[in-house]
């Protein structure tokens with residue numbers, strides 16, 4: 001295994017020979033064997049150990065063991081401890097998820113604060129097969145069947161080609177001691193159940209069953225690469241950069257083959273991982289939307305808009321403008337100038353209204369359902385939603401439009417678009433208020 005490991009390092013991870021690295025060591029057989037292999041390969045490394053305080057004295061003994069191992073190997077040692085159960089309660093997550101988050105947050109900080117460039121973990125072949133089967137049982141796409149990647153950011157996993165049996169054989173041949181974690185035997189955890197009950201069944205089918213599963217992961221990885229090329233070509237064809245985010249033609253999108261897989265691949269990076277829900281938006285009425293932690297997916301007629309949440313403003317934002325105000329700078333710049341003379345207007349950037357017709361305070365807000373105004377240059381009244389639709393304003397842009405009203409909530413100006421003729425100046429106007437906006 002030693003020569004195979006070193007050949008694997010030189011082929012797959014040559015960067016590890018030129019940089020100081022951290023090795024995540026629990027004290028278990030996998031990480032301890034990895035430490036000995038790294039010493040044999042003459043790597044410059046240190047051990048990093050997390051005490052999750054989940055097994056009482058046994059957890060403390062693990063930390064002591066790893067420290068002694070570092071001393072034996074004459075390498076640096078880093079350690080930390082966590083109240084994992086308390087963190088899990090605060091975050092409302094499982095113990096396993098809490099431990100993982102705490103562990104990798106600490107590794108992140110170690111990498112940032114030290115001279116170490118990479119982190120090694122001791123995941124091996126059987127771990128990646130367990131991950132594949134876990135994801136398969138929960139439902140997944142191609143990426144979920146690929147198991148554990150050998151590289152991710154600063155993380156390297158050099159034991160992935162080697163089986164649990166090979167690791168155990170190396171430990172036995174070199175009389176290596178390690179710490180046994182009794183929780184690894186408990187089949188109440190899904191991973192352990194797969195490890196102890198399901199993988200042995202696959203292995204018993206024939207001698208190369210597990211190796212064949214790994215080979216299948218290799219083929220799937222290549223298929224995933226081809227799929228990514230197709231998705232990139234889809235993006236070039238479908239995605240149009242607009243002022244309000246990415247615009248996608250719904251008819252063109254729905255004409256593509258394997259639509260559910262395509263929707264998942266296109267939108268899951270933005271937090272939309274349910275193709276059926278995305279189809280529901282595409283086939284629904286204008287205004288329907290999906291919201292993720294970071295983005296909004298919204299339908300407007302035959303167009304699907306993908307934008308950040310910052311682009312969809314809170315419709316309840318409103319700002320009072322008092323009679324003494326001469327200008328405001330937030331949320332938009334608006335200048336208010338009183339005069340006894342008329343000024344030129346263009347409806348978009350500045351208008352002039354009859355000040356005596358106004359009731360204060362004025363209110364700057366977003367449009368709301370039921371808004372009606374009397375557009376200058378037109379006869380009669382019109383619903384603001386209909387006016388904006390006629391002006392070909394999409395749903396995302398509508399959310400960014402500001403409306404200026406008086407104290408009775410009568411629209412004075414759809415800012416940047418059209419004034420309301422009820423407040424327009426005429427031959428008998430004595431007091432003018434010039435309103436000027438800037439983007």
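Here the residues 210, 404, 363, ranked from fewest to most Cβ neighbours within 10 Å of their Cβ, fall in the order 363, 210, 404. This ranking places 390, 300, 44 by how few other beta-carbon atoms lie within 10 Å of each, fewest first, which gives 390, 44, 300.
Across the chain, Cα pairs under 8 Å and at least six residues apart give a relative contact order of 11 percent. Taking every DSSP helix (H) stretch of at least 4 residues in the chain, weighting each as -39,500 (n - 2.57) and dividing the sum by the residue count yields a mean residue ellipticity at 222 nm of -11500 deg cm²/dmol. For segment 243-311, the calculated P(r), taken from all Cα-Cα distances in 5 Å bins from zero up to the bin holding the longest distance, is 4, 19, 31, 30, 14, 3, 0 percent. Quick check on segment 42-96: take the gyration tensor over C-alpha atoms, sort the square-rooted eigenvalues as a ≥ b ≥ c, and tell me if it's rounded (a/c under 1.5), prolate or oblate. It is prolate, given that a/c is not under 1.5 and a/b is the larger ratio.
Between residue 206 and residue 333, what is the FRET efficiency for a Förster distance of 60 Å, r being their Cβ-Cβ separation, to the nearest 0.05? The computed FRET efficiency comes out at 0.20. One chain, two ends: residue 319 and residue 426. Fully extended at 0.36 nm per residue, the span grows by 35.7 nm beyond their Cα-Cα distance. Binning the C-alpha pair distances of the chain at 20 Å intervals from 0 yields a P(r) profile of 19, 35, 25, 17, 3, 0 %, listed from the shortest bin outward. Under the shape rule built on the C-alpha gyration tensor, where the axes satisfy a ≥ b ≥ c, segment 43-200 is rounded, since a/c falls short of 1.5.
Each principal axis of the Cα atoms in segment 318-438 has its own extent, and those three values, largest first, are 39, 32, 25 angstrom. On a C-alpha basis, how far is the centre of segment 324-349 from the centre of segment 1-67 in Å? Whole number, if you could? Using only Cα atoms to place each centre, the spacing works out to 68 Å. Among 337, 223, 140, determine the one that fluctuates most according to a GNM of the chain built with springs between C-alpha atoms less than 10 Å apart. Ranking 337, 223, 140 by mean-square fluctuation puts 337 first.
The calculated FRET efficiency for residue 89 paired with residue 252, based on their beta-carbon distance and R0 = 45 Å, is about 0.40.
Here is the tail figure for segment 218-363: Cα pairs spaced more than 25 Å apart come to 50 percent of all pairs.
Gaussian network model of the chain, Cα springs within a sub-10 Å range: biggest mean-square fluctuation belongs to which of 94, 227, 268? Maximum among the listed residues: 94.
Short-range pairs are left out: with C-alpha atoms under 8 Å and at least six residues apart, the relative contact order of segment 318-438 is 40 percent.
Quick one: if you stick a label point 7 Å off each Cα along the C-beta vector at residue 268 and residue 216, how many nm between them? Between residue 268 and residue 216, the simple spin-label model gives 1.8 nm. Each listed q (0.14, 0.20, 0.21, 0.25 Å⁻¹) maps to a log10 I(q)/I(0) for segment 108-178, found by the Debye formula over equal Cα scatterers with no solvent: -0.59, -0.91, -0.94, -1.03.
Listed by Cβ neighbour count within 10 Å, with the fewest neighbours leading, 50, 93, 25 appear as 93, 50, 25. Compute the label zone of residue 359 within segment 399-416: residues whose backbone N is under 12 Å from the point 7 Å along Cα-to-Cβ. Only 406-411 fall inside the zone, counting backbone N under 12 Å. Suppose the chain between residue 391 and residue 101 were pulled fully straight at 0.36 nm per residue; how much longer would it get relative to their current alpha carbon spacing? That pair, residue 391 and residue 101, stretches by 99.4 nm at full extension.
Estimated at 0.36 nm per residue, the fully extended path between residue 229 and residue 61 surpasses their Cα-Cα distance by 55.5 nm. In this entry, segment 374-439 is assigned a mean projected area of 5.5 nm², taken as a quarter of its C-alpha convex hull surface.
Bear in mind these aren't lab numbers, they're just calculated from the coordinates by the rules spelled out. Only a predicted model underlies this, so the values are computations on that prediction, with no experimental measurement involved. Neighbour counts are summed over all protein chains in view; Cβ atoms, including those assigned to glycine, are modelled from backbone coordinates with ideal geometry.
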